[in-house]
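First comes the structure, then the notes that go with it.
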Amino acid sequence: MNGKMDLAQLRLSNGSEILCEVMEWPPENQTQMIMRNAMSIICYELEEGDTSYAFRPFIHFLDDDKDYVCLNTDHVLSINRPTEYLVQQYQIAVHEALMNAERRNMSMKRNKLEELSRLAAAMEEISNQSNTESSDPDIDPFANVIPFPSRDDILH
């Protein structure tokens, strides 16, 4: 993240509070603000009576900082510039969220590759079984299967 971010802390009409990078403020007579890396500020009451805060993604499962969110500004009650401390914590939270998304996507890709490998192995096993079994069409349902494309790749 660079130092030229336009960060805003917003209080919404439902009581939630978010910190986001504003990509485009709404033009006059418009109500859609474009933002990215929006993080909800969550307040926790601890047993000792202390208060703690944490960031959570405002919209879950956005995978990178190219994912933009439109916010209807009719629901914004207040806007202010965040403090330096809040900006530092926000940058850490955004970095962690993006790293988690990258790990999740890599895991999903690995799982897909494993599934494809299992499918290929199962198909290979079926193919090997059909080649070793009798070529009697009454016994072997694959005896009349013609490989496509044909071995000489000529179709008639």
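The values are calculated or read from the model by the stated rules, or taken from the named source; none is laboratory data. Everything numeric in this text was worked out from a predicted model, so none of it was measured. Cβ atoms come from the backbone with ideal geometry, glycine included; neighbour counts cover every protein chain shown. Remember, those area values only see protein heavy atoms, side chains included, never the ligands or the DNA or RNA. Shrake-Rupley method; radii C 1.70, N 1.55, O 1.52, S 1.80 Å.
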So which trypsin sites (Lys or Arg not before Pro) in the range 69-132 pass both tests, a DSSP loop state and at most 13 other Cβ atoms within 10 Å of the Cβ?
-> none
Plugging the Cβ-Cβ distance of residue 99 and residue 53 into 1/(1 + (r/R0)^6) at R0 = 25 Å yields, to the nearest 0.05, a FRET efficiency of 0.75
Options 26, 75, 90, ranked by Cα towards positive dipole end of the range 1-105, top entry (Cβ charges) | 26
Please work out how much length the chain gains when fully extended from residue 46 to residue 61, using 0.36 nm per residue of separation minus the C-alpha to C-alpha distance, in nm with one decimal.
-> 2.6 nm
Which of the chymotrypsin sites (Phe, Trp or Tyr not before Pro) across the range 52-135 are loop residues per DSSP, with 12 or fewer other Cβ within 10 Å?
-> 61
Per residue, what accessible area does the range 64-105 have, given a 1.4 Å probe and all protein chains present, in Å²?
-> 70
Could you list the trypsin sites (Lys or Arg not before Pro) in the range 1-84 that lie in coil according to DSSP, counting only those with at most 12 other Cβ atoms within 10 Å of their Cβ?
-> 4, 66
Label residue 23 and residue 88 with points 7 Å out from Cα along Cα→Cβ: what is the distance between them in nm?
-> 2.9
So, with points 7 Å from each Cα along the Cβ direction, the residue 119-residue 6 label distance in nm works out to 4.5
Let me know the charge dipole size of the range 33-115 about its Cα centre in debye, to the nearest 20, where only the beta-carbon of Lys, Arg (+1) and Asp, Glu (-1) is charged.
-> 440
Using alpha carbon centroids, what distance separates the range 67-85 and the range 96-120, in Å?
-> 33
